[in-house]
C-alpha cells in the first residue's frame with residue numbers, strides 16, 4: 001500500500017497553486033484590498049467566529065485560546081468565539097446570513113461549505129496560501145476546500161470510516177479478519193459474518209451498531225453513502241453535477257440498499273442503542289464480558305473510547321465491498337472566511353483577510369493538528385505522518401490513511417478508497433433527502449420508489465435554483 | 001420576515017370571541033380623554049401584533065407569489081411567478097400526507113383530550129384534603145418545555161423502554177411495538193405524548209369553569225331528586241358550556257399546529273415514512289431547511305386558511321344549538 005497522492009489530487013493542487021500565484025502577481029490590486037491576502041495585517045482587530053460545539057469541543061477551544069494568547073496577541077488579532085450546537089449548525093449560519101449578521105470566520109462541516117460559497121457568503125483564501133502550505137496537507141483537505149477552482153477552506157483534521165470490531169468475537173465464529181482496504185469483506189461475506197455472530201448469540205439487539213441514535217443529518221449521508229458508492233452508485237451524477245437520476249436510484253444503489261434492508265429485517269442491525277456504550281460495556285454495564293455489540297460502523301471519533309475499553313481486542317476493519325471496491329468517507333470540519341456581515345462579496349465590510357488567515361494558518365499548524373489528533377483520535381490532515389504512529393504502516397488506524405491516499409470521485413472506478421462528498425451547492429439538499437430516504441428504508445419503505453422519489457426532488461431543486 | 005405563522009392571531013381572536021359579550025354602550029364621540037387613554041394603553045399590543053403577526057403575514061402572502069429564497073447567490077433577482085408555488089404545493093403528495101396526518105391527529109386528540117381534561121377537572125374539583133397536590137401533578141407537564149419532555153419521551157417509548165415494560169406486563173408480553181420506529185404506531189405514540197403534555201392546560205380552564213357553577217343549582221337539583229349523572233348532564237354541562245366550547249376550539253387550533261413532538265421524537269422529523277409529517281413540519285422543512293421561502297410562504301397561507309375554515313365551521317355548527325344562559 002502506497003501513501004502517495006493520486007495524480008488527480010496533484011493536478012488539483014497545482015491548479016490551486018497556480019491560481020494563488022496569479023493573485024499574488026497582481027500587486028496593484030492587492031493594496032488595501034481586504035479580500036486579498038497582501039501579507040499585512042491592517043491593525044489590531046477582533047474577529048467573530050462561529051464554531052460548532054460537538055460532544056467534545058476541547059481541541060477547537062484550546063486552539064482558539066492558544067492563538068489569542070500567542071500568535072494572535074503578537075499580530076493584534078483576537079478571535080471571539082460564538083459557540084453553536086452541532087445539530088442545527090447550518091440552519092443557524094443560514095439564518096445569520098439571511099439577517100446580515102454573518103460572523104467573520106466560520107467553522108464548516110465538510111461539504112456544507114459549498115452552498116455557502118455558492119451564495120457568495122465566503123471569501124476565497126487562494127491568495128493566502130503558499131505552495132509549502134499546500135504540500136503540507138493531504139490532497140483530500142485541499143479537494144474538500146476547493147469550489148469553482150478557488151480554495152475556500154482548510155481543515156485541522158481529516159476523518160476516517162470503518163468497522164470497529166471485537167477481535168475475540170470474530171475469532172470465536174472463525175471469521176476472516178481483513179487487515180487492509182484491499183482485502184475487505186464482500187457484502188455477502190459481511191452478511192455471513194453478521195449472521196454467524198447473531199447465531200452465536202452476540203449482540204442482543206443485533207450484531208452491528210450503526211450509531212442510529214445520532215439522528216437525521218450529516219452522519220447518515222457521511223456514514224451510509226459509502227454503501228451505495230461501493231456498489232457503483234452515487235449521491236449525484238458527477239459527470240454533470242446537474243442531477244442524480246440513474247446513479248442514486250440506479251440498480252447498483254437499489255441493490256445495495258435492498259440488501260441492507262434485509263439486514264434490518266433480520267435483526268442484524270442495532271437500531272435501539274441510545275448512546276455509544278453498547279459496543280464497549282453491553283447491558284450488564286461491565287466491559288469485556290462478551291455481551292457487547294460485536295461490530296460498530298462508525299468514524300474515527302470513537303477510537304479513544306473504544307480503545308480504552310477494549311485494548312488489544314479492538315480491531316479496525318474496512319467497510320464491505322458491495323461490488324465496486326471498498327469505499328470510505330472523508331472530510332470533516334474546516335475553517336473558512338466570510339464575505340462580511342452582509343454576505344455580499346466585495347461590499348467593503350469584509351474583515352481583513354490577512355487577519356483571518358493568521359488564525360487559519362495557526363489552526364492548521366503542526367502544533368494545532370496535534371491537539372485534534374490526540375484529543376479526538378482524528379485522522380491527521382497532513383501528508384507527513386511522522387508524529388502520528390497510529391496512522392503509519394502497521395499502526396492501528398493505518399486503514400484511514402489507505403482510504404484517503406486512494407481517494408477518488410469516480411463511482412465507476414473499481415478502486416478501494418474514499419470518495420469525497422460531492423462539491424456541489426446542492427449538497428445540503430441532497431444530504432437531507434438521502435438521510436430521510438435512508439431512515440425510511442430502514443423503517444421498511446420500498447427502496448426503488450423511495451430513491452426515485454428523492455431523485456425527482458433533487459433534480460427539481462437543482463433546476464429550480466440553478467446550482 | 002417569517003414564513004411561519006405563529007398561530008397567535010387565531011388564538012387571540014378565539015380568546016376575544018370566548019369572553020362574554022358586554023352590554024352595548026352608548027355611542028360616544030371619538031376623541032374623549034378616555035378613548036385617547038384607551039388607545040395609549042393598547043398601543044404596545046397593537047404595535048407588537050402589527051409587527052409580528054400582521055406584517056409577517058402580509059409578507060408571507062406576497063412571497064408566496066415569488067421565487068424568493070432564504071439565501072441567493074449574488075445577482076439573482078426574486079421573480080413574480082404567479083400561482084406556481086401553490087400549484088407545486090397541491091401537486092406534492094407530501095402535502096396531502098401532511099394534511100391527512102393533521103386531520104387524523106385532530107380527530108383523535110380533540111375529543112379525547114377534552115374528555116380527559118373534563119374528567120381530570122371534575123376529579124380535582126372534589127373537596128378533599130390534599131386535592132391541590134393532584135391539581136399540581138396534573139398541571140406540571142404544562143410547565144415543562146415541550147421539546148424537553150419530547151426528549152424524555154423518546155427514551156420512555158424506546159422499544160425496550162418503560163412504556164413497553166408496562167404494556168408487556170399487562171398483556172403478558174404480547175404487545176410491545178416500536179412506537180417511534182414503526183409507521184403504524186408512530187402517530188399513536190405522538191398522540192399519547194401530546195395529550196399527556198397539554199391536558200393540564202384544558203383541565204385548569206375547565207376547573208375554573210366548574211367552580212363558577214353556583215352550588216345553589218346543585219342543591220336545587222338534589223331537592224328535585226336528580227342523581228349524579230342527571231346533575232352532571234343538566235347542571236354542570238350547561239354551566240360550563242362556553243368554556244368547554246373555548247377548550248374545544250383552542251385544542252383544535254393547537255392540534256393543527258402540531259410540531260415540536262413530531263420534529264424531535266421520530267428517527268427523522270416527520271418520520272418514519274412521513275407517518276408523523278404535519279403541515280408545520282412541511283412549512284419549516286420547505287421554508288427553512290430547503291430555503292424555498294416562496295413555497296414555504298404559500299404553504300403558510302394555505303395552512304392559515306385551513307385552520308380558519310375549520311374554526312369557523314366548528315363555531316357555526318355549535319352555535320346552531322342555541323345559547324343556554
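Here the condition is being within 13 Å of chain A (Cβ to nearest Cβ), at negative phi and either in contact with a helix residue (DSSP H, G or I) (Cβ under 6 Å, 6 or more places away or on another chain) or not in a helix (DSSP H, G or I) (or both); of B:269, B:243, it holds for B:269 alone. Going by the conditions given, is residue B:177 out of contact with any strand residue (DSSP E or B) (no Cβ under 6 Å at 6 or more places or on another chain) and over 29 Å from residue A:215 (Cβ atoms)? Criteria not met by residue B:177. Any residue that is part of a loop (DSSP other than H, G, I, E, B), within 21 Å of the chain's Cα centre (by Cα) and within 14 Å of chain A (Cβ to nearest Cβ) - is there at least one of those in the range B:296-304? No, the range B:296-304 has no match at all.
Scanning the range A:346-373 for residues that are over 27 Å from the mean Cα position of the chain (by Cα) and surrounded by fewer than 19 Cβ atoms within 10 Å (Cβ to Cβ) gives A:346, A:347, A:348, A:349. Looking for something under 20 Å from the mean Cα position of the chain (by Cα) and over 19 Å from residue A:139 (Cβ atoms) - is there at least one such residue anywhere in the range A:333-345? Yes, because at least one residue in the range A:333-345 is under 20 Å from the mean Cα position of the chain (by Cα) and over 19 Å from residue A:139 (Cβ atoms). Residues being away from chain A (no Cβ under 14 Å), touching a strand residue (DSSP E or B) at 6+ places or on another chain (Cβ under 9 Å) and either outside any helix (DSSP H, G or I) or surrounded by fewer than 12 Cβ atoms within 10 Å (Cβ to Cβ) (or both) are entirely absent from the range B:82-104.
Residue B:109: within 14 Å of chain A (Cβ to nearest Cβ), surrounded by 14 or more Cβ atoms within 10 Å (Cβ to Cβ) and under 30 Å from residue B:301 (Cα atoms), yes or no? Before you say what the answer is, go through the steps one by one.
Numbers: within 14 Å of chain A (Cβ to nearest Cβ): no; surrounded by 14 or more Cβ atoms within 10 Å (Cβ to Cβ): yes; under 30 Å from residue B:301 (Cα atoms): yes.
Taking the combined requirement at face value, the residue does not satisfy it.
Of note, residue B:264 satisfies the criterion of being surrounded by fewer than 19 Cβ atoms within 10 Å (Cβ to Cβ) and within 14 Å of chain A (Cβ to nearest Cβ). For residue B:188, the conditions (1) more than 13 Å from chain A (Cβ to nearest Cβ); (2) in contact (Cβ under 8 Å) with a residue 40 or more places away in the chain; (3) surrounded by fewer than 18 Cβ atoms within 10 Å (Cβ to Cβ); (4) closer than 23 Å to residue B:100 by Cβ all hold with the exception of (2).
A residue that is out of contact with any helix residue (DSSP H, G or I) (no Cβ under 9 Å at 6 or more places or on another chain), buried (at least 18 other Cβ atoms within 10 Å of the Cβ) and part of a loop (DSSP other than H, G, I, E, B) occurs nowhere in the range A:290-300. Inspect the range A:404-415 for any residue being buried (at least 20 other Cβ atoms within 10 Å of the Cβ), in contact with a helix residue (DSSP H, G or I) (Cβ under 8 Å, 6 or more places away or on another chain) and facing another protein chain (nearest Cβ under 9 Å) and give the result as yes or no. Scanning the range A:404-415, I find no residue that is buried (at least 20 other Cβ atoms within 10 Å of the Cβ), in contact with a helix residue (DSSP H, G or I) (Cβ under 8 Å, 6 or more places away or on another chain) and facing another protein chain (nearest Cβ under 9 Å), so the answer is no. Condition check for residue B:120 on (1) touching a residue at least 12 places away in the same chain (Cβ under 8 Å); (2) within 14 Å of chain A (Cβ to nearest Cβ): one failure, at (2). Only residues that are within 12 Å of chain A (Cβ to nearest Cβ) and out of contact with any helix residue (DSSP H, G or I) (no Cβ under 8 Å at 6 or more places or on another chain) were counted in the range B:156-176, giving 3.
With a requirement of 2 or more residues that are away from chain B (no Cβ under 14 Å), closer than 28 Å to residue A:409 by Cβ and under 15 Å from the mean Cα position of the chain (by Cα), the strands (runs of 3 or more DSSP E) lying completely within the range A:55-173 that satisfy it span A:105-109, A:161-166.
Taking the range A:229-276 as the range and being surrounded by 18 or more Cβ atoms within 10 Å (Cβ to Cβ), part of a loop (DSSP other than H, G, I, E, B), more than 14 Å from chain B (Cβ to nearest Cβ) and touching a helix residue (DSSP H, G or I) at 6+ places or on another chain (Cβ under 9 Å) as the test, the residues that pass are A:232, A:233, A:234, A:235, A:236, A:243, A:244, A:247, A:248, A:249, A:250, A:268.
If you go through the range B:122-166 one residue at a time, how many are in a helix (DSSP H, G or I) and surrounded by 15 or more Cβ atoms within 10 Å (Cβ to Cβ)? Can you show your working first?
Here is the first cut: in the range B:122-166, the ones in a helix (DSSP H, G or I) are B:122-123, B:131-143, B:146-156, B:162-166.
Filter once more, so that each one left must be surrounded by 15 or more Cβ atoms within 10 Å (Cβ to Cβ): B:122-123, B:135, B:138-139, B:141-142, B:146, B:149-150, B:153-154, B:156, B:163-164.
Total meeting the criteria: 15.
Just so you know, all these numbers are worked out from the coordinates, no wet-lab data involved. Remember, predicted model here, so these are calculated numbers, not experimental data. Backbone-built Cβ (ideal geometry, glycine too); neighbour counts: all protein chains shown.
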